[in-house]
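Engineer: Attaching a single structure in structure tokens format; questions to follow.
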Amino acid sequence: MANIKSAKKRVLVSAKKAARNKAIRSNVKTVITNVEKAVASGDKAAAEQALKVAQVTIPKAKSKGILHANNAARKVSRLTKAVSSMN
């Protein structure tokens with residue numbers, strides 16, 4: 001553990017930010033999984049609903065700096081393609 005007061009604060013702030021980033025990243029993964037499950041089950045209505053949530057959640061993670069811009073765009077694009085290719 002750090003001895004200097006400012007270094008102690010940085011440790012606490014860093015842990016807080018890491019927890020926030022981890023929660024957002026986990027939520028993005030959950031949203032993606034929901035879309036993929038709906039696509040796999042063949043339920044187009046559920047897949048479209050899950051895609052709407054994903055199209056909001058993933059860009060939010062990008063704007064907070066959790067995901068790289070191209071990474072976020074690629075994820076949304078792949079999910080949209082999967083849902084639109086359903087019968």
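The values are calculated or read from the model by the stated rules, or taken from the named source; none is laboratory data. Just so it is clear, the model here is predicted, and its values are computed rather than measured. With ideal geometry, Cβ positions are generated from the backbone for all residues, glycine too; neighbour counts draw on all protein chains shown. Quick note on the areas: whole protein, heavy atoms, side chains included, nothing else; ligands and nucleic acids left out. Shrake-Rupley method; radii C 1.70, N 1.55, O 1.52, S 1.80 Å.
Engineer: Within region 18-29, how many residues turn out to be open to solvent by less than 60 Å² (accessible area, probe 1.4 Å) and closer than 18 Å to Arg78 by Cα?
Structural biologist: 1
Engineer: When only residues in region 78-87 that are in a helix (DSSP H, G or I) and open to solvent by 70 Å² or more (accessible area, probe 1.4 Å) count, which is farthest from Asn21 (Cα to Cα)?
Structural biologist: Once the filter is applied, the top-ranked residue is Ser84.
Engineer: Additional query: Just a yes or no: is a residue in region 56-66 free of Cβ contacts under 8 Å to residues at least 40 places away in the same chain and in contact with a Leu (Cβ under 8 Å, 6 or more places away or on another chain)?
Structural biologist: Yes, region 56-66 contains at least one residue that is free of Cβ contacts under 8 Å to residues at least 40 places away in the same chain and in contact with a Leu (Cβ under 8 Å, 6 or more places away or on another chain).
Engineer: Can you tell me which residue within region 30-73, out of those that are at pLDDT 95 or above and outside any helix (DSSP H, G or I), is most open to solvent (accessible area, probe 1.4 Å)?
Structural biologist: His68
Engineer: Just one of the numbered conditions (1) assigned to a loop (DSSP other than H, G, I, E, B); (2) open to solvent by 100 Å² or more (accessible area, probe 1.4 Å); (3) at pLDDT 95 or above; (4) not β-branched (Val, Ile, Thr) is not true of Met1; which one?
Structural biologist: Just one mismatch for Met1, condition (3).
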